[in-house]
1. With respect to Glu225, determine if the residue is assigned to a helix (DSSP H, G or I), more than 26 Å from Ile65 (Cα to Cα) and not polar (S, T, N, Q).
2. Out of all the residues in the stretch 149-189, which are within 30 Å of Asp214 (Cα to Cα) and crowded, with 16+ Cβ neighbours inside 10 Å?
3. So, of the residues in the stretch 244-261 that are open to solvent by 80 Å² or more (accessible area, probe 1.4 Å) and either outside any strand (DSSP E or B) or over 27 Å from Ser284 (Cβ atoms) (or both), which turns out to be modelled with the highest pLDDT?
4. Which one of these is free of Cβ contacts under 8 Å to residues at least 60 places away in the same chain and touching a Leu at 6+ places or on another chain (Cβ under 8 Å): Pro294, Pro254, Pro245?
5. Can you name the residue in the stretch 77-111 that is more than 30 Å from Ala127 (Cβ to Cβ) and touching an Asp or Glu at 6+ places or on another chain (Cβ under 7 Å) and, of all such residues, is surrounded by the most Cβ atoms within 10 Å (Cβ to Cβ)?
6. Which residue pairs have Cβ atoms under 7 Å apart, sit 6 or more places apart or on different chains, and have a first residue in the stretch 110-128 that is over 16 Å from Asp49 (Cβ atoms) and a second that is part of a helix (DSSP H, G or I)?
7. Only one of Leu218, Leu213 is surrounded by 10 or more Cβ atoms within 10 Å (Cβ to Cβ) and at negative phi; which?
8. Hey, among the residues in the stretch 190-210 that are in contact with a helix residue (DSSP H, G or I) (Cβ under 9 Å, 6 or more places away or on another chain) and part of a loop (DSSP other than H, G, I, E, B), which one's surrounded by the fewest Cβ atoms within 10 Å (Cβ to Cβ)?
Amino acid sequence: MIDSISHLLVLPRLRIQNANAISSSMTWGFPAMSAFMGAIQTLERNLPDDIRIVFDGVGVVCHHIEPQVTEGGFTRAFHLTRNPVDKSGATAAIVEEGRAHLDVTLLIGIESDGDDLSNAERRRTIARQLFDQMQSMRIAGGSVMPPLSESKRQRPELITFDDNEEERGKQWRRLKRRLLPGFALVLRDDYLTEHTETLKADDDNATALDAWLDLCRLNHECRIETYEDKEGQTKEVAKWEIRRPYPGWLVPIPVGYGAISELFDPGEVANARDTRVPFQFVESLYSIGEWVSPHRLHNPDALLWFVDNDLERGVYRLTNDYVLTHSDAD
């Protein structure tokens, strides 16, 4: 069982305009969780000197998403901007960029690094400072817009959970009500592993990619049913139905990067973005995620994502403890 968090920073109803909707080379829609992890790491690096805390995981609850795509029809296309002409006056090439407007709440696990988080006034000050600082940042490539209102539901809050289990439960239930309506993205590696074994039982050549693709799509299958007509004759009728291996709102998601080359020394690779750090070529890693309503979560640990790197294997990815904290609910 994982250790429960003691403090949770709630940054409610962040309005993000023109966030990156192309989360990887194979998925689009909601931004990758690595984008939100990068945002809170930037926030942590730029903490004011008088705030001494450490961030420990991030959770995201999406209240609204509006992809900037054409409406109607099965095939859709992103709304693209026209680039300026090049120096010769010819039309410059267009690099496709997918955008989406978001309304999300960020929940950040907090640990004290010398700050007095037992003081309620101090917690309110920290929450307000970080919320205001987030307003000047970019998240997933999008701009954070000013809040539309300052209602009690939309005020930032730094919650210190009580050691008493019953009181802690009451605090979490009050917070869950603030997060509705909305959905939290959690990791379902267990579904991917289980479905891979299911496919291998029928086909020895099945791989995790086959299982991933099978979980990403809606499979329409034809089922033959027999019945007797009024004259007592047996007849057959074909019925089409959608097969879903698991319940829930499952989606394909990128969860990080895997190395496809050795680790190069700083400055060894030409045209690298930062010549002061080591460089490595990587490709995206994929898994299955599930959108879950916050009211179904037993505790806040279930929606937090953490960095889980394996440097020896060249794996740089995020993980989530939803299954560990919800084994009794599954």
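The values are calculated or read from the model by the stated rules, or taken from the named source; none is laboratory data. Computed from a prediction, not measured in an experiment: that's the story for all the values here. Neighbour counts are summed over all protein chains in view; Cβ atoms, including those assigned to glycine, are modelled from backbone coordinates with ideal geometry. Heavy atoms of the whole protein, side chains included, go into the accessibility calculation; ligands, DNA and RNA do not. Shrake-Rupley method; radii C 1.70, N 1.55, O 1.52, S 1.80 Å.
1. no
2. Gly182, Phe183, Ala184, Leu185, Val186, Leu187, Arg188
3. Among residues in the stretch 244-261 that are open to solvent by 80 Å² or more (accessible area, probe 1.4 Å) and either outside any strand (DSSP E or B) or over 27 Å from Ser284 (Cβ atoms) (or both), the one modelled with the highest pLDDT is Ile260.
4. Only one candidate passes the filter, namely Pro245.
5. Checking each candidate, the answer is Phe78.
6. Cβ pairs passing all conditions: Leu117/Arg123.
7. None of the other options fit; the residue is Leu213.
8. Here the residue is Asp203.
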